[in-house]
Amino acid sequence: MKKIIIALLFLQLFCIGCTHDPIEVSPPDTRLNWFNDAKFGMFIHWGVYSGMAGKYVGPSLYGTEYTEASPFLCNWSAEWILSQAGIPRERYKKQAKNFTATQFDGNEIASLAKETGMKYIIITVKHHEGFLLYPSIIQPDWCTSISGANGRDLIMELLTAAKSKGLKVGLYFSQNLDWMVEGSLGEIPQLYGRKYDIEKNRTYINYTCKVISEIMDRYGEILDVFWWDIPQINTSQEFTNQLQNALIKHKNYNKRILQNDRLSTLANGDFATPEGVIIQKPERPYELCITMDGSWGYTDYANNKKTKLELLYEITNTVSKGGNLLLNISPKGDGSLHPDALKLLKEIGDYMQINGESIYGTEHSGFIHGQDFGRVTRKGNSLYLHYYVGDKVELYGINSPILSAKTISGRNIEYKKIPNGYKFIGLKKGEVAKVIFSSIIIDEGFPISNKMKETNLYAMSALAEGGLSINGFESGFVNYNSWINLWPDLGWLLKVEDPAKYDIYTTISNGGPGELEIKIEGDNNAYIYYQYPTTKGYDDYQEMKVGSMYIKLGKQEIIFKRVGGSPLNFASMRLVRVDN
Ligand code: GLC
């Protein structure tokens, strides 16, 4: 950088007295600096659906009449209730009275985000239900003005409170899909799942541009992020340009405003937003958004509640791979939060308060595979070891000398060299060790040698490709009931010092019989196919011998894959050396 500045100064001097214009040099793109450093943000899904809490009583477009005795209950994300239950538009409108916001205080939410260690907030100004969280002039009949929230500008209340506390702010906006407005792109419940024709789409996009304009009139001066959604239903260049221009040609637009990659299939945006799947080797900034219980919108009965360890895993796992984690909260229709959610946020906040240094401003750790004890984050030559699972802290894949090893609060941590890594002694679960190395050169791989009779490979240290979730943390279990990708791979890198034959065992549970494969990448002879029997449900983990294989010398990636049959929970794989 210094060199460039000096070269530019020379060029400038040289040009004094020249007749042509000075050379224009565009400043380095610093727009994403805050975003890259932030690492942790709050997502808020709030709308009319929140007041319904995942339950609907009344007629459905799909033919059923739901009653109190037999109501419709969302079986997946509750902000989709209009579409899931097939609620006629006129009936849905009536639900707005239950969106009261009486317990909502922008200051409280902003403080909560801050106390949880979040650096920015993204709130839904309009989700697929089309309802606007402010008193709109363009859409007066479907905004807070006609709801129990009596025309409050909930967006401004939150944004100004958040800004005053130093947080960055953004708006989620469902531009392509709007179930309540004629002409929307996508499949429309009111049309029994059919789509509007292109002319109607045009009218809708023109209308949506006016809404964007109104949003920019009101909040454009303070916005830091514009968060589009449902790109897959917009493949049109014309619509993409129109929507994009509505934002960036507005008088209040400022280059500061970052956009995600969900405007359409033709727009890249400033950062990527993989859904449910982590990017292992990101090429550009990304943000992973997750729920606390499987639903973005509030439900009374969400049964997928995450634990503190799961959230800690999701945060440190994403951050260790250079991404940001956007954690969703789902306020009720009155704006209050479920006590379980508040408790979880408090626990995460406590962790962040002590260990924030190991999260904010960090970069990709350089490790692609995981660690059995938790995750590793990195800042320069320091690695931060987040220890929250298992009974030992062994870091494989780095051999450079250690200059110092302490907890973040300053207690010395003992360490000793082990093959291809270090073992750390005295770190307690829930603590983070800051280890300063003389340099960071990463050479991943579990050492496998004839000194070891057996090797255990746990879910936590696998490279998990595909959308799976990790749960059952105490034992490092991976849950394979993923909805994103039914057939994810788990991979471990082995550093084999002497080749040998191994018997292979896996510990799994399942909901029925199925098929799995174990193979070594690039070695056709190292392959096992196994049909697994039923265990007594997902809590009943059983060890099964699946076969034997010869593992060659050098670095080998061993892969575990479910290829058919019932989903399974994976706990571990055990390689037992067969002496011959
Ligand atoms: C999907 C869902 C939506 C949710 C979003 C969050 O696009 O349709 O309900 O808001 O993911 O990323």
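What the table below lists for this structure:
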| read-out | value |
| --- | --- |
| The listed residue being surrounded by fewer than 22 Cβ atoms within 10 Å (Cβ to Cβ) and either more than 30 Å from the chain's Cα centre (by Cα) or farther than 17 Å from I121 by Cβ (or both), out of G166, G193 | G193 |
| Complete set of residues in the range 363-382 that are touching a helix residue (DSSP H, G or I) at 6+ places or on another chain (Cβ under 7 Å), under 18 Å from K281 (Cα atoms) and not in a strand (DSSP E or B) | S365, F367, H369, G370 |
| The one condition in (1) touching a residue at least 24 places away in the same chain (Cβ under 8 Å); (2) part of a strand (DSSP E or B); (3) more than 24 Å from G356 (Cα to Cα); (4) more than 26 Å from the chain's Cα centre (by Cα) that M452 fails to fulfil | (2) |
| Scan of the range 117-151 for residues that are more than 16 Å from the ligand (Cβ to nearest atom) and closer than 24 Å to G54 by Cβ, ordered by number | W142, C143, T144, I146, S147, G148, A149 |
| Hits in the range 547-569 - residues which are within 12 Å of G514 (Cβ to Cβ) and in a strand (DSSP E or B) | K561, R562, V563, G564, G565, L568, N569 |
| Checklist (1) crowded, with 17+ Cβ neighbours inside 10 Å; (2) modelled with pLDDT of 95 or more; (3) not acidic (D, E) applied to H369, failing item | (2) |
| From S236, S264, residue being within 16 Å of the ligand (Cβ to nearest atom) and modelled with pLDDT of 95 or more | S264 |
| A38 vs. criteria small (G, A, S), away from the ligand (no atom under 16 Å from the Cβ) and over 25 Å from the mean Cα position of the chain (by Cα) | no |
| Top-ranked residue in the range 66-78 [being among the aliphatic types (A, V, I, L, M) and more than 16 Å from the ligand (Cβ to nearest atom); ranked as surrounded by the most Cβ atoms within 10 Å (Cβ to Cβ)] | L73 |
| Which listed residue, of E182, E108, E157, is modelled with pLDDT of 95 or more, more than 16 Å from the ligand (Cβ to nearest atom) and more than 29 Å from K39 (Cα to Cα) | E182 |
| Residues satisfying the stated conditions in the range 42-69, i.e. of a type in the set (S, T, Y) and more than 12 Å from K332 (Cβ to Cβ) | Y56, S60, Y62, T64, Y66, T67 |
| Failed item in (1) in a loop (DSSP other than H, G, I, E, B); (2) away from the ligand (no atom under 16 Å from the Cβ); (3) touching a strand residue (DSSP E or B) at 6+ places or on another chain (Cβ under 9 Å), with G63 passing the rest | (3) |
| Per-region count, the range 296-320, residues out of contact with any Asp or Glu (no Cβ under 7 Å at 6 or more places or on another chain), modelled with pLDDT of 95 or more and either of a type in the set (K, R) or not in a helix (DSSP H, G or I) (or both) | 1 |
| From I81, I44, residue being touching a Cys at 6+ places or on another chain (Cβ under 6 Å) and within 12 Å of the ligand (Cβ to nearest atom) | I81 |
| L327 closer than 21 Å to F271 by Cα, touching a helix residue (DSSP H, G or I) at 6+ places or on another chain (Cβ under 9 Å) and buried (at least 20 other Cβ atoms within 10 Å of the Cβ) | yes |
| Positions within the range 409-418 being in a loop (DSSP other than H, G, I, E, B) and modelled with pLDDT of 95 or more, in sequence order | G410, R411, I413 |
| Residue match in the range 210-223 (condition: within 16 Å of the ligand (Cβ to nearest atom) and of a type outside the set (S, T, Y)) | no |
| Candidate set: the range 267-307, residues that are surrounded by fewer than 19 Cβ atoms within 10 Å (Cβ to Cβ), acidic (D, E) and under 22 Å from I233 (Cβ atoms); chosen: the one farthest from the ligand (Cβ to nearest atom) | D270 |
| Residues located in the range 507-555, provided they are aliphatic (A, V, I, L, M) and surrounded by 13 or more Cβ atoms within 10 Å (Cβ to Cβ) | I508, L516, I518, I520, A526, I528, M544, V546, M549, I551 |
| Residue in the range 536-558 that is touching a Leu at 6+ places or on another chain (Cβ under 8 Å) and charged (D, E, K, R) present | yes |
| Residue selected from the range 272-295 under the condition assigned to a strand (DSSP E or B) and of a type in the set (A, V, I, L, M, F, W, C), by the criterion nearest to P231 (Cα to Cα) | A272 |
| Counted residues, the range 239-261 - those being assigned to a loop (DSSP other than H, G, I, E, B) and either within 16 Å of the ligand (Cβ to nearest atom) or buried (at least 19 other Cβ atoms within 10 Å of the Cβ) (or both) | 2 |
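The rows are residues; the columns are (1) buried (at least 16 other Cβ atoms within 10 Å of the Cβ); (2) part of a strand (DSSP E or B); (3) out of contact with any Gly (no Cβ under 6 Å at 6 or more places or on another chain); (4) aliphatic (A, V, I, L, M).
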{"position": "Y351", "(1), (2), (3), (4)": "yes, no, yes, no"}
{"position": "G361", "(1), (2), (3), (4)": "no, no, yes, no"}
{"position": "L385", "(1), (2), (3), (4)": "yes, yes, yes, yes"}
{"position": "S400", "(1), (2), (3), (4)": "no, no, yes, no"}
{"position": "L427", "(1), (2), (3), (4)": "yes, no, yes, yes"}
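The values are calculated or read from the model by the stated rules, or taken from the named source; none is laboratory data. Being a predicted model, the structure only gives us computed values, none of them experimental. Because the Cβ atoms are built from the backbone with ideal geometry, glycine has one as well, and the counts that use them run over all protein chains shown.
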